[in-house]
Amino acid sequence: MPKITYIAHNGATYTVEAAEGGSAMQAAIENNIPGIDGDCGGVVACGTCHVYVDEAWAAKLRPAQENEANMLAYIDNAQEKSRLACQIALTADLDGLVLRMPAGQH
């Protein structure tokens, strides 16, 4: 089970063990991580699971698909390392993944 660390904008850190095959959004919701809402249920329709992928992990994720890239284009505080947590599929290779939440998500 990969461990995922979520870091809130205020610096609060939450580390959880997540099931392989799920998403980083699902793991956050199942563990009550504040700032990851997943209002659309993971169908890339809302952006409420927006995260910044830590630099050390960015190259280990598959690139954003067109629908995710389009949704990120509508998010005001999107950056180069922005992703939607619902689109980050968890595998053993992502053990230790660090995701930061933008200001405004709490």
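Could you work out how far the C-alpha centroid of the stretch 4-36 sits from that of the stretch 68-106, in angstrom?
Using only Cα atoms, the two centres lie 11 Å from each other.
Provide the net charge surrounding I29, with neighbours chosen by a C-beta distance below 15 Å and charges set as Lys +1, Arg +1, Asp -1, Glu -1.
-4
I need to check one value: relative contact order of the chain, counting alpha carbon pairs closer than 8 Å and at least 6 residues apart, in percent.
43 percent
Could you calculate, for the stretch 1-49, the ratio of the Cα radius of gyration to the Kirkwood radius, expressed as Rg to Rh?
Looking at the stretch 1-49, the ratio lands at 0.96.
For E30 and D54, FRET efficiency with R0 = 22 Å and r from the beta-carbon atoms, rounded to 0.05? Display every interim value, and only then the final one.
Details: r = 21 Å, r/R0 = 0.96.
E(calc), rounded to 0.05, equals 0.55.
Across the Cα atoms of the chain, what radius of gyration and what greatest pairwise Cα-Cα distance (Dmax) are found, in Å?
My reading of the Cα-based Rg and Dmax gives 12.1, 33 Å.
What distance in nm lies between label points placed 7 Å from Cα along the C-beta direction at N10 and A89?
With each label point 7 Å from Cα toward Cβ, the separation is 3.6 nm.
Write down the percent of antiparallel bridges among all DSSP beta bridges whose residues are both part of the chain, to the nearest 5.
Expressed as a percentage, antiparallel bridges in the chain total about 75.
For the chain, which cysteines have no second Cys with its Cβ under 4.7 Å from theirs?
Flagged as lacking a Cys partner: C49, C86.
Of S23, C46, L99, which is farthest along the charge dipole of the chain in the positive direction, counting Lys and Arg as +1 and Asp and Glu as -1 at C-beta?
L99
Read-outs: derived from the displayed coordinates by stated rules, not from any lab. All figures in this text were calculated on a predicted structure; none of them were measured in a lab. With ideal geometry, Cβ positions are generated from the backbone for all residues, glycine too; neighbour counts draw on all protein chains shown.
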